[in-house]
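The values are calculated or read from the model by the stated rules, or taken from the named source; none is laboratory data. The model shown is predicted, which means the values in this text are computed figures rather than measured ones. Every residue, glycine as well, gets a Cβ built from its backbone with ideal geometry; the counts of neighbours run over all protein chains shown. These accessible areas exclude ligands, DNA and RNA; they are computed on the full protein's heavy atoms, side chains included. Shrake-Rupley method; radii C 1.70, N 1.55, O 1.52, S 1.80 Å.
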Amino acid sequence: MSKQNWKPGNMLYPVPAVMVTCQREGEKPNIITIAWAGTICSDPAMVSISIQKKRYSYALIRDTREFVLNLTTKKLAAATDYCGVCSGRDTDKFAQTGLTPCDSMAVNCPGIAESPVNIECKVTEIKPLGSHDLFLAEVVNVAVDDALLDETGRLHLDRSGLIAYSHGGYYELGRQLGTFGYSVRKRRRMHKSVQKILQRKNKRIGNNCIENGLYRSEPDKAYENSCFVRLCLCTSTGVISAVDQSTACKCRPSVFSSLNR
């Protein structure tokens, strides 16, 4: 593989595109879109954002020492871009984008109601770097959309349609390729009789397929991601069912009816 050497530059992509909200007391709240944001510590939970001194939000966050990180989605893509190219000095970005400010629990600036997750932060340190200053902040509260929680309280963030920023473009996240640690996780061996039945049934289920004992359904209108489920076979009835589900999305009712034909 041939490669070219370029001068040093920022080519770490993709990165999150977050809308950061901030507000000085007695003034309108503002939104700034930032791609240079990241997690820097888990205990205590901390994040960082990099902002140029000339930005309107720089002084707001420097003076108040607090802000809210609002995760962005496919539906928020246009607003995310707008808040990154228009200045809050002469624009009410909430009014222009139609976004709704929502009360925060631990900071005095609002979050964005349409965002699936609002991460409230308090600045602990500001480090001058050059073109940007790095704001280090501790996470003091996280607000999550109830619609993303299942009956057990588990968060299914993949249902929110998150987006990322890469080399000048906004992209919706795609199909899950694995979960943390999947490369070293031991896989159960399937009994040969089960493999034969699955292979035979696989011929009649169209675009879906059996992979290492996992039934993979192709995306449909209701679910954006493919669905992976562990399969088992009842030897007495010959019925195939799910043992457990390794992704957040749920199987369509037709999945097992098609397998058990």
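A few points about this structure:
- Selected residue [open to solvent by 20 Å² or more (accessible area, probe 1.4 Å) and over 22 Å from L148 (Cα atoms)] from S87, S57, S48: S87
- Top-ranked residue in the stretch 70-80 [being in contact (Cβ under 8 Å) with a residue 60 or more places away in the chain and either open to solvent by 60 Å² or more (accessible area, probe 1.4 Å) or touching a helix residue (DSSP H, G or I) at 6+ places or on another chain (Cβ under 7 Å) (or both); ranked as nearest to A17 (Cα to Cα)]: T72
- Residue check for K75: in contact with a Gly (Cβ under 8 Å, 6 or more places away or on another chain), within 25 Å of V144 (Cβ to Cβ) and at pLDDT 95 or above: yes
- Residue in the stretch 122-131 that is in contact (Cβ under 8 Å) with a residue 40 or more places away in the chain and either open to solvent by less than 50 Å² (accessible area, probe 1.4 Å) or under 20 Å from the mean Cα position of the chain (by Cα) (or both) present: yes
- Some residue of the stretch 46-66 being in contact with an Asp or Glu (Cβ under 6 Å, 6 or more places away or on another chain), closer than 18 Å to N118 by Cβ, touching a residue at least 60 places away in the same chain (Cβ under 8 Å) and of a type outside the set (V, I, T): yes
- Enumeration of residues in the stretch 86-107 that are without any contact (Cβ under 8 Å) to a residue 12 or more places away in the chain and of a type in the set (V, I, T): T91
- Verdict on R65 being farther than 13 Å from C109 by Cβ and among the basic types (K, R): no
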